[in-house]
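This is the structure I want to talk about, given as structure tokens.
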């Protein structure tokens with residue numbers, strides 16, 4: 001699942017039986033995009049947002065700037081894997097959230113066979129209330 005470690009976006013095994021803190025780190029409210037309401041932003045339980053900065057996904061406090069709003073907004077696209085979505089950066093059209101190993105980055109497609117799969121995510125119900 002998408003979660004955070006040291007405020008950086010990562011993929012990690014988290015399930016209903018995981019500890020409370022782990023479930024909270026992997027649960028985000030999907031809200032209208034801060035830069036484009038037809039897209040989405042992801043708000044953590046502490047009020048911070050997932051955003052890309054220097055291309056890496058991280059948790060940050062909303063600083064009310066246009067840059068922050070763009071970095072924290074993703075437009076949902078059909079993913080390459082059945083039942084999945086891809087998340088295109090609002091302020092860098094053509095760049096997508098993807099995993100490199102367990103780390104989450106925003107990158108333009110590189111033409112490799114695995115990129116589309118690395119940029120496809122299956123939505124899951126929240127693990128923490």
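Computed from the coordinates by the stated procedures, all read-outs in this text should not be read as laboratory data. Everything numeric in this text was worked out from a predicted model, so none of it was measured. Because the Cβ atoms are built from the backbone with ideal geometry, glycine has one as well, and the counts that use them run over all protein chains shown.
In whole angstrom, how far apart do the alpha carbon centroids of region 58-128 and region 29-57 sit?
So the separation of the two Cα centres works out to 10 Å.
Also, I was wondering about something else. Ignoring everything except DSSP H segments at least 4 long, calculate the 222 nm mean residue ellipticity for the chain; use -39,500 (n - 2.57) per segment, divide by total residues, nearest 500.
Numbers: 3 runs with 16 residues, N = 129.
Estimated from H runs of four or more residues: -2500 deg cm²/dmol.
For the chain, set up a GNM with springs between Cα atoms under 10 Å and report which of 84, 53, 64 has the largest fluctuation.
In this elastic network of the chain, the residue with the biggest mean-square fluctuation among 84, 53, 64 is 64.
Further question on the same structure: Between residue 31 and residue 115, what is 0.36 nm times their sequence separation minus the Cα-Cα distance? Round to one decimal in nm.
Working: separation 84, 0.36 × 84 = 30.24 nm, distance 2.64 nm.
So the extension gain works out to 27.6 nm.
Take residue 100 and residue 19, extend 7 Å from each Cα along the Cα→Cβ direction, and tell me the distance between the two endpoints in nm.
About 2.9 nm separates the two model spin labels.
How do 11, 127 line up, fewest other C-beta atoms within 10 Å first?
On the way: 11 16, 127 19.
Ordered by Cβ neighbours within 10 Å, fewest first: 11, 127.
Something else: Given 0.36 nm per residue, what is the gain on full extension from residue 122 to residue 67 after removing their alpha carbon distance, in nm?
Gain on stretching residue 122 to residue 67: 17.1 nm.
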